[in-house]
């Protein structure tokens, strides 16, 4: 497998990848007031049945990231695109913001996502960035586990972040 910068001829193949996923778990948010404090807690909840979830982001943003000169990488093997990652540098706070990390359904759990993430971290370090930040739906338990496995820690949330009003969870990784 080769990780390389995306070429304009790769963009359609990237957009055609199936980013949907299935999950048996979600991060469930609980909010309550107690003694003048607002308490927010997330807990892993098992679903009564497997849920198939569609990708919440507009993949056309991949083209914008590429046009703006962000870090846009593909994983390729034998001329076939297996996945892609796009990340933009937010220099004002030395952060690489990962917009997309998509691995085609049939190629998951084979190291493609890890290879893309490692290459993005190298790019970020070379640019002098000190952290990576990424967001995931509370429904995207596979991505949450993936990011935690790679050292990302939960750092916040945004209620109704996505067009479908789902909650976004934010995770960050220190590159120092």
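Please compute the modelled spin-label separation between residue 22 and residue 157, points set 7 Å along Cα→Cβ, answer in nm with one decimal.
Inter-label distance under the simple model: 2.6 nm.
Between the stretch 68-141 and the stretch 2-29, what's the alpha-carbon centroid distance in Å?
10
Springs between alpha-carbon pairs under 10 angstrom, Gaussian network model over the chain: which of 164, 12, 140 fluctuates most?
Its mean-square fluctuation being the largest, the pick is 164.
Rounded to whole Å and ordered largest first, report the semi-axes of the equivalent ellipsoid of the stretch 1-51 derived from its Cα gyration tensor (root of 5λ).
Sorted largest first and rounded, they come to 40, 17, 9 Å.
What does the extension gain come out to for residue 78 and residue 130, with contour length at 0.36 nm per residue minus their alpha carbon separation? Write out the running numbers ahead of the final one.
Details: separation 52, 0.36 × 52 = 18.72 nm, distance 3.38 nm.
That pair, residue 78 and residue 130, stretches by 15.3 nm at full extension.
Of the candidates 31, 126, 64, which one comes out as most mobile in a Gaussian network treatment of the chain with C-alpha springs shorter than 10 Å?
Judging by the Gaussian network model, the answer is 31.
Over the Cα atoms of the stretch 122-176, what Rg and Dmax result, in angstrom?
Expressed in Å, the Cα Rg and Dmax of the stretch 122-176 come to 12.3, 36.
Please give the FRET efficiency for residue 32 paired with residue 150, using the beta carbon to beta carbon distance and R0 = 30 Å, rounded to the nearest 0.05.
0.40
How big is the convex hull of the Cα atoms of the stretch 78-156, per residue, in Å³?
Expressed per residue, the convex hull around the Cα atoms of the stretch 78-156 is 102 Å³.
I'm checking a number: the convex hull volume of the Cα atoms of the chain, normalised per residue, in Å³. What is it?
133
Using only the Cα atoms of the stretch 1-99, what are the Rg and Dmax in Å?
Looking at the stretch 1-99, its Cα Rg and Dmax stand at 18.6, 61 Å.
Springs between alpha-carbon atoms under 10 Å, Gaussian network over the chain: tell me which of 151, 35, 96 tops the mean-square fluctuations.
Comparing 151, 35, 96 in the GNM, the peak value goes to 35.
Where a number appears in this text, it was derived from the coordinates with a stated rule and is not lab data. Everything quoted here is computed from the prediction, not taken from an experiment. As a convention, Cβ positions derive from the backbone with ideal geometry for all residues, glycine included, and neighbour counts pool all protein chains shown.
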